[in-house]
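First up is the structure itself, then whatever we jot down about it.
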Amino acid sequence: MTAPILIFGWGNPSRGDDALGPLFVEHFTALAARHPEWGAVECLTDFQLQVEHALDLQGRRRVLFVDASLDAPAPCSLVRIKAARDASFTTHAMSPQAVLKVYAAIEDGEPPPCWLLAIRGEGFELGEPLSGAAQGHLAAALEQAAQWIATT
């Protein structure tokens, strides 16, 4: 049975604050286990979004994509996203909007409602640890996501 809510974080844990997506999923999985009132939630991670991830949207009621961002305001931003064909559509890594566009094409219909939680990152160098600022931003993002999931 497919969980109605999907939390999908991506990033490279070896590149400093790029670890925010996978770390968010790790922490959120533990948080969701303490909140059975949220219902079934599936949490997934990967290094990057790819065309195959469109299949992960099947049967979902809501989806939250989570990634580190140099452009997001601190500590994070949460925005509803729509399917869009963008420059990432034909590259190895894709934007969440492009994944939604693939879903719409293969399912011949609209994807489930989706949001992007962009967590402000500061440093993305190979081998660097998570920055102090990013640790604080991660905590704020977890609070934001808890509010999001509680508003079903």
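Annotations for the structure displayed:
- Matching residues in the range 43-76 - criterion: being within 11 Å of Gly9 (Cα to Cα) and out of contact with any Pro (no Cβ under 7 Å at 6 or more places or on another chain): Cys43, Leu44, Asp46, Phe47, Gln48, Leu64, Val66, Asp67, Ala68
- Residue within the range 2-16 that is surrounded by fewer than 17 Cβ atoms within 10 Å (Cβ to Cβ), touching a Leu at 6+ places or on another chain (Cβ under 9 Å) and without any contact (Cβ under 8 Å) to a residue 24 or more places away in the chain present: yes
- So Asp86, is it charged (D, E, K, R) and within 17 Å of the chain's Cα centre (by Cα): no
- Matching residues in the range 106-138 - criterion: being in contact (Cβ under 8 Å) with a residue 40 or more places away in the chain, exposed (fewer than 15 other Cβ atoms within 10 Å of the Cβ) and closer than 19 Å to Phe28 by Cα: Gly136
- Test: residue in the range 86-93 that is free of Cβ contacts under 8 Å to residues at least 24 places away in the same chain, on the phi > 0 side of the Ramachandran plot, surrounded by fewer than 22 Cβ atoms within 10 Å (Cβ to Cβ) and part of a loop (DSSP other than H, G, I, E, B): no
- Any hit, the range 121-143, residues being assigned to a loop (DSSP other than H, G, I, E, B) and touching a strand residue (DSSP E or B) at 6+ places or on another chain (Cβ under 7 Å): yes
Readers should treat all values here as calculations from the given coordinates under stated rules, not as data from a laboratory. As the structure is a computational prediction, the values presented were derived from the model and not from experiment. Cβ atoms come from the backbone with ideal geometry, glycine included; neighbour counts cover every protein chain shown.
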